[in-house]
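Chemist: Take a look at the following structure, please.
Read the figures in this text as sums done on the coordinates, not as results from a lab. This structure is a prediction, so every number in the text was calculated from the model and none was measured. Methodologically, a virtual Cβ is constructed for each residue, glycine included, from the backbone with ideal geometry; neighbour enumeration extends over all protein chains shown.
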Ligand SMILES: [Zn+2]
């Protein structure tokens, strides 16, 4: 009897793992499709995102005045690199 329970338990684990892997695969494919459809920021322009990737209105700031060594313009660097308030 314990061998049967062990077999059923193992089958249940395998079924759960296959379902979980399928769900993860679908999520990865969805994310990859979203990223592939997203616009690519122009070189040396602000890469601050506006909107949700995968939606038609998604875009990058695009300001050509990026701060040296940073991916964002001055306005967005102030938001991205805030100092602690304490
Ligand atoms: Zn910007």
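Chemist: Spin-label point model (7 Å from Cα, Cβ direction): what's the residue 44 to residue 75 distance in nm?
Modeler: Here the answer is 2.2 nm between the modelled labels.
Chemist: From the P(r) of region 39-86, can you give the percent of Cα pairs sitting at distances over 12 Å?
Modeler: 60 percent
Chemist: Let me ask you something else. Based only on other Cβ atoms within 10 Å, what is the fewest-to-most ordering of 66, 28?
Modeler: The fewest-first ordering by Cβ neighbours comes to 28, 66.
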